[in-house]
Amino acid sequence: METGISTACLYPMETERALDLLLGLGFRRFEVFLNCESELQRPFLRELKARAHEYGAVFTSVHPFTSAMESSLLFGNYPRRTAEAFAFYRRYCEAAAYLGGKYVVIHGQPLGHGALSDREYWERFGQMTHFTRDTGARPAQENVRNLRASDPAFLQGMRAYLGEDCAFVLDVKQCRMMDHPVEEVARAMGDRLCHVHLSDCREGRPCLLPGAGAFDLAGFRALLEELHYQGAVITEVYRDNFGGTEELEQARQAVEEAFR
């Protein structure tokens, strides 16, 4: 399993500055958090790619800045808006593929929101997968707290219904915040798990840098191996979950040690 980090860890630092800082700390695999429309444009992406190339670094995935709007954009009940949203998310997939990544992280819809049934939601996701397939990257559903996909039963149903037309992002801090065992969520995703967001924890602190808490990294690796997972393990925490940036380098070393 390859390891890396999301530029989101340094938000709201500008994306290119975050990448430069993380490259300097020794990271060589990235999820990039694109934070505005101009960062989807080719000149900006070309510059990110060039900076990474200087260090022999690669990109795994893209995180959209429109995640909070996906309930109405992607999973709403207004067809014209949905069509436009599909076209916009195709641009995220094109951006990910241009950078060399395979996945665009999807949050989805809050629990209890919207008019779509679970099956209609899954069908919409499958339609988006087909719509973006020729780009070289694909949408991947994340188990975000208080959203529909936080529920292991929802994820299991989605996997059974869509098969290879779905992909999942396992975020361990989101499991903790919903009080769902990581093992239960991971097994619900099963062989459609394609991407991992890693963090650590201790009592009262559900999101810390790896190595800064009590999370069993070796046990988590064993779980992923049990599921035959071969994707990337990407550190993703919030900026207020750590102090100085030297802690990021310590986290890199802890993760590399656990997953080497």
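The values are calculated or read from the model by the stated rules, or taken from the named source; none is laboratory data. Please read all numbers here as calculations on a predicted model, not as lab measurements. As a convention, Cβ positions derive from the backbone with ideal geometry for all residues, glycine included, and neighbour counts pool all protein chains shown. Surface accessibility is based on the protein's heavy atoms, side chains included, excluding ligands, DNA and RNA. Shrake-Rupley method; radii C 1.70, N 1.55, O 1.52, S 1.80 Å.
In table form, for the structure just shown:
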item: Largest-first ellipsoid semi-axes for the range 104-194, taking √(5λ) over the Cα gyration tensor eigenvalues, angstrom; result: 20, 15, 12
item: Reference-scaled alpha-carbon Rg (2.2 N^0.38 Å with N residues) for the range 131-246; result: 1.08
item: Nearest-10 value in Å² for the accessible area of CYS194, using the 1.4 Å probe; result: 20 Å²
item: Nearest-20 debye value, the chain charge dipole, Cβ charges on Lys, Arg, Asp, Glu; result: 580 debye
item: Estimated FRET transfer efficiency when R0 is 22 angstrom, pair LYS49-GLU2 (beta carbons, to 0.05); result: 0.75
item: Taking the range 132-184 and dividing mean pair separation by its residue count, relative contact order in percent (alpha carbons under 8 Å, at least six apart); result: 40 percent
item: Surface accessible to a 1.4 Å probe, VAL144 within the full protein complex, Å²; result: 10 Å²
item: Antiparallel bridges, percent of DSSP beta bridges restricted to the chain (to nearest 5); result: 10 percent
item: Mean separation of Cα contacts under 8 Å, 6 or more apart, over the residue count of the chain: relative contact order %; result: 20 percent
item: Burial ranking of peptide ranges 8-19, 147-158 (average Cβ count within 10 Å, highest at the top); result: 147-158, 8-19
item: The range 31-144 - percent of accessible surface contributed by carbon and sulfur, probe 1.4 Å; result: 53 percent
item: Selection of chymotrypsin sites (Phe, Trp or Tyr not before Pro), the range 186-260, meeting DSSP coil and at most 16 other Cβ within 10 Å; result: TYR238
item: Candidates per GluC sites (Glu not before Pro) in the range 66-115, loop by DSSP, up to 16 other Cβ within 10 Å; result: none
item: Computed magnitude of the charge dipole of the range 105-260 (debye, nearest 20; Cβ of K, R +1, Cβ of D, E -1); result: 300 debye
item: Relative contact order of the range 1-54, defined on C-alpha pairs under 8 angstrom at six or more residues apart (%); result: 40 percent
item: Solvent-accessible surface ranking, highest first, for MET177, MET69, MET128 at 1.4 angstrom; result: MET69, MET177, MET128
item: Which of GLY108, GLY190, GLN127, positive extreme of dipole for the chain (C-beta unit charges); result: GLN127
item: Structure-derived semi-axes √(5λ) of the Cα gyration tensor in Å - corresponding label in (1) 27, 23, 16; (2) 43, 28, 17; (3) 30, 21, 18; result: (1)
